[in-house]
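Asker: A single structure is presented below for examination.
We did not get these values from a lab; they are worked out from the coordinates using the rules stated. These figures come from a predicted structure and were not determined experimentally. Glycine also receives a Cβ, built like all others from the backbone with ideal geometry; neighbour counts cover every protein chain displayed.
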Amino acid sequence: MGRAFEFRKERKFKRWGNMARVFTRIGKEITIAAKAGGPDPDNNPRLRTLIQTARSENMPKENIERAIKRAVEKDQGDYEEIVYEGFGPHGIAFLIETATDNNMRTVANIRSYFTKVGGSLGTQGCVSFMFDHKCVFKVKKDGPVDMDELELELIDYGVDDVYKDDEEDLIYIYGEFESFGNIQKYLEDNGFTIVSGGFERIPNVPLKQLSQEEKEGILKLIDKLENDDDVQNVYHTMAMSDEQ
């Protein structure tokens with residue numbers, strides 16, 4: 001098990017504390033995917049996977065349909081995906097993914113969150129090299145799966161980490177960002193049920209250990225960022241647990 005597994009342990013119980021936030025985030029992703037590839041999931045693999053993700057989070061059907069409808073309505077503003085980078089207290093690097101219909105509002109809010117805790121919003125590229133951009137699938141399959149054989153097969157499809165979470169009874173698959181479509185096709189063609197599929201930024205540098213007191217400012221910044229309606233995902237280089 002590699003860095004993706006360790007990264008997931010850090011975030012397992014942290015992301016998206018309530019359903020409303022989950023639905024907002026996934027709804028925006030559905031709208032963006034439908035805008036880019038069309039509203040028919042049969043002809044839009046990315047949209048098809050996002051709908052599966054939404055269902056796995058118990059997102060109501062009408063919310064999914066509303067998100068798709070937004071993509072084809074001319075009077076609706078488009079979401080722009082923008083990544084912000086910066087440093088929090090104690091040199092902790094931050095990478096923030098947003099989906100916004102008002103960039104001026106979003107950048108002003110994010111800059112204020114950093115400033116209030118003594119951090120700073122940086123320029124493009126100042127921390128992105130510290131994170132690998134990966135695609136990730138959660139899947140399951142009826143019957144036994146030979147994990148070693150599956151991992152060997154998936155290497156040719158751009159996969160670099162595969163493991164099973166026995167607690168959830170799900171298989172996690174991490175691969176190169178550009179390999180999303182190839183991996184999705186393999187899974188669909190080989191009888192796997194895709195529970196969810198998406199992208200994550202995984203730190204490629206050692207996570208920084210801080211004292212509990214030092215963590216307070218960082219946690220405050222994370223909380224502010226994650227509760228902003230324009231923010232989709234927050235990644236950082238602080239170790240959340242005491243063991244690495």
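Asker: List the relative contact order of the chain as a percent without decimals, with contacts defined as Cα pairs under 8 Å and 6+ residues apart.
Answerer: Result for the chain is 24 percent.
Asker: List every residue whose amide H lies under 5 Å from the amide H of Asp160, counting only residues 5 or more places away in sequence or on a different chain, with H placed 1.01 Å from N in the peptide plane.
Answerer: Amide H to amide H, under 5 Å and 5 or more residues apart or across chains, Asp160 pairs with Tyr174, Gly175, Glu176.
Asker: Just the number: Rg to Rh for the chain, Cα atoms, Kirkwood Rh, two decimals.
Answerer: 0.97
Asker: If you don't mind, there's one more thing I want to ask. Can you count the Lys pairs in region 140-238 with C-alpha separation below 19 Å, eight or more apart or on different chains? Intermediate results must be reported in sequence, preceding the final value.
Answerer: Values: Lys140/Lys164; Lys140/Lys185; Lys141/Lys164; Lys141/Lys185; Lys208/Lys220; Lys215/Lys224.
Lysine pairs, 8 or more places apart or on different chains, close enough: 6.
Asker: Give the long-range amide H neighbours of Val195: residues separated by 5 or more places, or on another chain, with amide H under 5 Å away, using H modelled in the peptide plane at 1.01 Å from N.
Answerer: Correct list: Lys138, Val139, Lys140.
Asker: Rounded if a/c is under 1.5, else prolate if a/b beats b/c, else oblate: with a ≥ b ≥ c from the C-alpha gyration tensor eigenvalues square-rooted, which is region 39-150? Don't jump to the answer; show the numbers that get you there.
Answerer: Numbers: a/c = 2.72, a/b = 1.34, b/c = 2.02.
Because a/c hits 1.5 or more and a/b fails to exceed b/c, region 39-150 counts as oblate.
Asker: OK, next. Residues with beta-carbon under 14 Å from that of Gly217, excluding Gly217: net charge, scoring Lys, Arg +1 and Asp, Glu -1?
Answerer: Working: positive: Lys116, Lys208, Lys215, Lys220, Lys224; negative: Glu213, Glu214, Glu216, Asp223.
Charge balance in the 14 Å sphere: +1.
Asker: So for region 24-86, averaging the separation of alpha carbon pairs under 8 Å that are six or more residues apart and normalising by length, what relative contact order in percent results? Please report the intermediate quantities before stating the final value.
Answerer: Values: 48 pairs, mean separation 24.0, N = 63.
Relative contact order comes out at 38 percent.
Asker: Which of the aspartates and glutamates could be linked to Lys69 by a straight reach, that is with a Cα gap under 15 Å, when you skip same-chain ones fewer than 8 residues away?
Answerer: Cα-Cα hits under 15 Å: Glu29, Asp40, Asp78.
Asker: Still on this structure, please answer the following. How much net charge surrounds Ile68 when only other residues with a Cβ under 14 Å from its Cβ are counted (Lys, Arg +1; Asp, Glu -1)? Each step should come with its number before you reach the end.
Answerer: Values: positive: Lys28, Lys35, Arg46, Arg48, Arg55, Lys61, Arg66, Lys69, Arg70; negative: Glu29, Asp40, Asp42, Glu62, Glu65, Glu73.
Overall, the nearby charge balance is +3.
Asker: Under a Cβ-Cβ cut-off of 11 Å, what is the net charge of the residues other than His133 that fall near it, where Lys and Arg count +1 and Asp and Glu count -1? Walk me through the numbers on the way to the answer.
Answerer: Numbers: positive: Lys134, Arg201; negative: Glu97, Asp132, Glu176, Glu178, Glu200.
So the environment of His133 carries a net charge of -3.
Asker: Which residues in region 116-140 have a backbone N closer than 17 Å to a point placed 7 Å from the Cα of Asp223 along the Cα-to-Cβ line?
Answerer: Answer for this model: 116-119.
Asker: Between Asn190 and Arg55, take the C-beta separation as r, use R0 = 25 Å, and let me know the FRET efficiency to the nearest 0.05.
Answerer: Working: r = 21 Å, r/R0 = 0.83.
Calculated transfer efficiency: 0.75.
Asker: Could you tell me which trypsin sites (Lys or Arg not before Pro) in region 67-119 are loop residues by DSSP with no more than 16 other beta carbons within 10 angstrom of their beta carbon? Walk me through the intermediate numbers first.
Answerer: Numbers: sites: Lys69, Arg70, Lys74, Arg105, Arg111, Lys116; in loops: Lys74.
The qualifying sites are Lys74.
Asker: Now, a different point. How big is the gap, in Å, between the Cα center of region 51-85 and the Cα center of region 164-241?
Answerer: What the calculation gives is 20 Å, centre to centre.
Asker: Still on this structure: Work out, step by step, the length gained on full extension between Asn43 and Glu65: first 0.36 nm times the residue separation, then minus their alpha carbon distance; give nm to one decimal. Walk me through the numbers before you get to the answer.
Answerer: Details: separation 22, 0.36 × 22 = 7.92 nm, distance 1.62 nm.
That pair, Asn43 and Glu65, stretches by 6.3 nm at full extension.
Asker: Let me ask something additional. Output wanted: per-residue J couplings in Hz (rounded whole) for region 206-216, from phi through Karplus 6.51 cos²θ - 1.76 cosθ + 1.60, θ = phi - 60°, x for Gly and Pro.
Answerer: Once rounded to whole Hz, the list reads x, 5, 8, 7, 10, 6, 4, 5, 5, 5, 4.
Asker: Now for a separate question. Work out how much length Val205 to Ala108 would gain on full extension: take 0.36 nm times their residue separation and subtract the Cα-Cα distance, in nm to one decimal. Spell out each step's value before the answer.
Answerer: Working: separation 97, 0.36 × 97 = 34.92 nm, distance 2.85 nm.
Extra length available between Val205 and Ala108 comes to 32.1 nm.
Asker: Just name one of His133, Ile92, Phe114: the one whose Cα is farthest towards the positive end of the charge dipole of region 85-150 (beta-carbon charges, Lys/Arg +1, Asp/Glu -1).
Answerer: Selected residue: Phe114.
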